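Notes to accompany the following structure.
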Amino acid sequence: MILIIAFACILILMGLQRIVYTKYWDDKLNVKISYKYVDCMADEENELVEVITNEKWLPLPMMHVKFDMPKSFVFENEKNSSISDNYYRDDVFSINGNQKIIRTLKFKCTSRGCFYMNDINLTSSDLFLKTILSTRRKNPAVIHVFPKKIALDFFEVPFNTITGNFSTNKTMIEDPFEFRGIRPYQQFDSMKHINWKSSAKNGELKVNTFFMTSSQDVKVLLNMDTHVYAYNERLIEKIVSIASSICEKVIEAGIPVGLISNGKDIYTHERIVRESGSGVKHMRVLDTALARIDAKAENYNFADVLKDEMISNTDGLSSRTYYIIISNNRSKELIENYRETKKLGILSYFIIPEYTQYEITEQIPDMIKWDID
């Protein structure tokens with residue numbers, strides 16, 4: 001009789017806890033997955049931070065946190081993941097009532113891109129591991145992986161030509177958006193540049209200084225189409241890397257740079273266009289744009305982009321702009337349009353990223369080849 005009563009009590013207990021867990025298991029349960037760095041460079045290390053907070057008294061003896069990541073993210077410990085088009089991770093936790101768990105997973109971003117994390121799936125059970133309980137949570141997290149920078153030894157001669165042209169023609173002005181530092185006030189300084197907080201702290205007038213910018217600029221025209229019909233991921237990524245590296249080199253020289261491409265944003269599907277600017281912040285804007293280019297999308301006709309930007313520009317801006325065209329594609333229409341810009345006296349350079357074993361047979365003025373091993 002005692003055994004029967006004990007057995008009945010166990011059944012009642014199991015039934016009650018099942019009801020409680022079914023109703024309350026995900027109550028006051030917060031799960032957040034984020035990146036330590038939301039912007040990073042390709043081949044750099046980053047960290048994925050999982051934070052699980054159970055703000056109720058009810059413990060969760062076993063909880064699975066399932067989510068997918070790009071397969072270009074290489075984790076140190078891949079035991080809890082499977083790979084197809086993405087990493088599908090399944091991390092297991094045991095969390096008590098009123099407890100917070102933080103887990104950090106190191107990984108390397110091996111390729112450029114903009115990656116949104118999809119929703120996460122949570123799966124748990126009751127105390128006796130008999131009832132499967134699951135839910136889906138929103139987890140908005142995005143990371144931009146910037147193109148990897150490359151050496152620009154081949155670019156020294158044209159770069160010296162560009163900077164030489166700017167040194168003789170540019171007019172320098174202060175850029176109020178690029179803060180440089182603070183120095184003592186001098187008689188020729190404008191009152192609007194006085195940093196009153198720093199002045200009060202130091203007992204003497206201090207003024208803000210800013211980086212100089214130019215009335216001229218450089219625009220990088222990036223063609224995402226290649227000379228071969230088949231999709232070549234390695235070649236395309238090298239092309240994007242050279243665009244990023246040249247933009248960085250130009251900005252470091254104090255010259256404003258803009259970016260125009262026939263490629264599309266992977267999420268907005270709009271053509272990539274960024275106006276000229278200078279400074280570290282603007283370089284981040286350009287790298288973000290390059291990270292968001294969809295390498296597999298159908299691109300705009302680059303010959304038309306070049307024509308619209310350089311030949312059809314009748315307001316005089318082209319005379320103050322130095323164009324750097326980066327294009328592995330050498331279509332007849334593109335080369336003809338480029339030759340037309342040279343006849344108009346527009347300053348430009350044509351860079352062709354190409355594998356070392358392939359020769360450039362086309363006759364293109366002011367052209368330089370970048371050999372890809």
task = Please find, among 311, 372, 368, 326, the residue that is open to solvent by 30 Å² or more (accessible area, probe 1.4 Å), among the aliphatic types (A, V, I, L, M) and in contact with a Pro (Cβ under 9 Å, 6 or more places away or on another chain).
result = 368
query = Among the residues of segment 310-318, is any touching a strand residue (DSSP E or B) at 6+ places or on another chain (Cβ under 7 Å) and in a helix (DSSP H, G or I)?
reply = yes
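Filter segment 93-122 down to the residues that are assigned to a loop (DSSP other than H, G, I, E, B) and without any contact (Cβ under 8 Å) to a residue 60 or more places away in the chain, then identify the one that is surrounded by the most Cβ atoms within 10 Å (Cβ to Cβ). Outline the logic, then answer.
Taking segment 93-122 and keeping what is assigned to a loop (DSSP other than H, G, I, E, B), we get 96-98, 110-112, 117-119.
From what's left, without any contact (Cβ under 8 Å) to a residue 60 or more places away in the chain: 96-98, 118-119.
Values: 96: 12, 97: 12, 98: 13, 118: 15, 119: 12.
Here the answer is 118.
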task = Select, from 298, 336, 309, 275, the only residue that is without any contact (Cβ under 8 Å) to a residue 60 or more places away in the chain and over 26 Å from residue 42 (Cα atoms).
result = 336
query = Across segment 49-58, what is the number of residues that are assigned to a loop (DSSP other than H, G, I, E, B) and surrounded by 17 or more Cβ atoms within 10 Å (Cβ to Cβ)?
reply = 1
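Tell me the residue from 339, 320 that is open to solvent by 70 Å² or more (accessible area, probe 1.4 Å) and within 14 Å of residue 367 (Cα to Cα), please. Don't jump to the end; show me each part of the working.
Numbers: 320 fails: within 14 Å of residue 367 (Cα to Cα).
One residue alone meets the criteria, 339.
Look at segment 244-261 and say how many of its residues are out of contact with any strand residue (DSSP E or B) (no Cβ under 8 Å at 6 or more places or on another chain) and over 17 Å from residue 224 (Cβ atoms).
4
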task = Filter segment 227-250 down to residues that are open to solvent by 20 Å² or more (accessible area, probe 1.4 Å) and out of contact with any Phe, Trp or Tyr (no Cβ under 7 Å at 6 or more places or on another chain), then give me how many there are.
result = 11
task = Those residues that are of a type in the set (Ser, Thr, Tyr) and in contact with a strand residue (DSSP E or B) (Cβ under 9 Å, 6 or more places away or on another chain), I need them from segment 19-75; list them, please.
result = 21, 22, 34, 35, 37, 53, 72
query = Do we find that residue 340 is within 16 Å of residue 225 (Cβ to Cβ), not in a strand (DSSP E or B) and not small (Gly, Ala, Ser) in this structure?
reply = no
message = Take the residues in segment 124-149 that are surrounded by fewer than 16 Cβ atoms within 10 Å (Cβ to Cβ) and outside any loop (DSSP other than H, G, I, E, B); name whichever of them is farthest from the chain's Cα centre (by Cα).
response = 132
inquiry  = Please go through (1) modelled with pLDDT under 95; (2) not small (Gly, Ala, Ser); (3) not in a strand (DSSP E or B) for residue 285 and return the number of the only condition it doesn't satisfy.
reply    = (1)
request  = Could you grab the pairs with beta carbons closer than 7 Å, sequence gap of 6+ or different chains, first residue in segment 147-165 and farther than 18 Å from residue 256 by Cα, second one crowded, with 16+ Cβ neighbours inside 10 Å and among the charged types (D, E, K, R)?
outcome  = 147/112; 147/287; 149/248; 152/249
query = In segment 150-203, what residues are touching a His at 6+ places or on another chain (Cβ under 9 Å) and either modelled with pLDDT of 80 or more or open to solvent by less than 70 Å² (accessible area, probe 1.4 Å) (or both)?
reply = 178
inquiry  = For segment 237-256, which positions are at pLDDT below 95 and either in contact with an Asp or Glu (Cβ under 8 Å, 6 or more places away or on another chain) or among the aliphatic types (A, V, I, L, M) (or both)?
reply    = 250, 251, 253, 255, 256
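Residue check: is residue 298 farther than 22 Å from residue 151 by Cβ and either among the acidic types (Asp, Glu) or modelled with pLDDT of 95 or more (or both)?
yes
The values are calculated or read from the model by the stated rules, or taken from the named source; none is laboratory data. Note that the structure is a prediction, hence the values are computed from the model and not measured. Cβ coordinates were reconstructed from backbone atoms using ideal geometry, including for glycine residues, and neighbour counts include every protein chain displayed. Surface accessibility is based on the protein's heavy atoms, side chains included, excluding ligands, DNA and RNA. Shrake-Rupley method; radii C 1.70, N 1.55, O 1.52, S 1.80 Å.
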